[in-house]
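Asker: Got a structure for you, written out below as structure tokens; questions coming shortly.
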Amino acid sequence: MSFEVIKCNIDGLLEIRPVIHEDSRGYFFEQFNESKYAETGIVSNFVQDNISVSKKYVLRGMHFQKNYPQGKLITVLKGVIYDVAVDLRPESSTYLKYHGLILDSKIHNQFYIPEYFAHGFLVLSDSAMISYKCTDFYHPEDEAGFMWNDPKLAINWADYLENQLPVLSEKDTKYAPLK
């Protein structure tokens, strides 16, 4: 296998660590291989790839699609982020629990987030470029979210903010707590 799969504390969430082939010229690794990922249980029909570039302390989230849920495979191409997924599956034993993971372009680890999770991230490096593959198309009218610092969830953003306030979009400042 050309990568290691680490199961997270919430069913369905996976950290993937590829094998890096490095020499004096640079390095190479497989960012995605449909048949190999399917062996791990990631049987997803990715239909859209997105790139996000953000500065330090930018916090994007917590977002989800209501009727067109998106599974995501997150990869940091440059920089470091703290990436968070919140379980929104009401029948799950981990409903409304979250898992956070440091994604770093130096180790090229990935975060697989299946459908029915909210997603957000905080940029920890001076800037970061994030790639994410999605299992459904983005429908702007279907997007929803909740407050990044919802007290019910107690996501440990403060461990990474270094006494700074996060930089939020106008939309993210208007989200209410999770209902």
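Asker: When residue 27 is evaluated against the numbered criteria (1) in contact with a Lys or Arg (Cβ under 8 Å, 6 or more places away or on another chain); (2) within 17 Å of residue 104 (Cβ to Cβ), which criterion, by number, is the only one it fails?
Answerer: All conditions are met except number (1).
Every residue, every condition in (1) over 21 Å from residue 70 (Cβ atoms); (2) modelled with pLDDT of 90 or more, yes or no:
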{"residue": "1", "(1), (2)": "yes, no"}
{"residue": "5", "(1), (2)": "no, yes"}
{"residue": "9", "(1), (2)": "yes, yes"}
{"residue": "15", "(1), (2)": "no, yes"}
{"residue": "21", "(1), (2)": "yes, yes"}
{"residue": "24", "(1), (2)": "yes, yes"}
{"residue": "29", "(1), (2)": "yes, no"}
{"residue": "34", "(1), (2)": "no, no"}
{"residue": "41", "(1), (2)": "no, no"}
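Asker: For the range 80-136, list the strands (runs of 3 or more DSSP E) that sit wholly inside it and hold at least 1 residues that are over 18 Å from residue 29 (Cβ atoms), over 12 Å from the mean Cα position of the chain (by Cα) and not β-branched (Val, Ile, Thr); which are they?
Answerer: 80-87, 127-134
Asker: Continuing with the same structure: What are the residue pairs meeting all of these: first residue in the range 85-112, first residue within 19 Å of residue 62 (Cα to Cα), second residue polar (S, T, N, Q) and open to solvent by less than 30 Å² (accessible area, probe 1.4 Å), Cβ atoms under 6 Å, and 6 or more apart or on different chains?
Answerer: If the second residue must be polar (S, T, N, Q) and open to solvent by less than 30 Å² (accessible area, probe 1.4 Å), the pairs left are 87/94; 103/109; 110/75.
Asker: In the range 18-66, how many residues are open to solvent by less than 60 Å² (accessible area, probe 1.4 Å), assigned to a loop (DSSP other than H, G, I, E, B), among the aliphatic types (A, V, I, L, M) and within 17 Å of residue 115 (Cβ to Cβ)?
Answerer: Residues that pass the stated criteria total 2.
The values are calculated or read from the model by the stated rules, or taken from the named source; none is laboratory data. Since this is a predicted model, take the numbers as computed values, not measurements. Ideal geometry is used to build each Cβ from the backbone, glycine not excepted, and the neighbour counts take in all protein chains shown. Each accessible area value is taken on the protein alone, full model and side chains, heavy atoms only, with ligands, DNA and RNA left out. Shrake-Rupley method; radii C 1.70, N 1.55, O 1.52, S 1.80 Å.
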